[in-house]
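Below you'll find the structure, written out as structure tokens, and then a few comments.
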Amino acid sequence: MSESSRTGQKDLLGRELSEEEREVLDLYQRLRKLAARSDLAPCISMNAKQAMVMLWNACTDLGLIHEEAEVD
């Protein structure tokens, strides 16, 4: 995600995201995309999903997202 598309992002309460919050959200979204791939080696898939869940915890705690974790 480019810096220009990150500006204006808000949390669930309507507050502008800090640089750190944008970075955590971006990492979560990138891991979510990676974990959804079907062509990964099993160890990559499972570790990407585990890392995604940890960032999901941070994103929900910070009020950046409101969604269920999608890990099998």
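We did not get these values from a lab; they are worked out from the coordinates using the rules stated. Everything numeric here is computed off the predicted structure, so don't read it as measured data. Because the Cβ atoms are built from the backbone with ideal geometry, glycine has one as well, and the counts that use them run over all protein chains shown.
Think of each Lys and Arg Cβ as +1 and each Asp and Glu Cβ as -1; about the Cα centre, that makes the dipole of segment 17-67 roughly 340 debye. Here the peptides 41-49, 53-61, 27-35 are ranked by packing, the mean other Cβ count within 10 Å, and the order with the highest first is 27-35, 53-61, 41-49.
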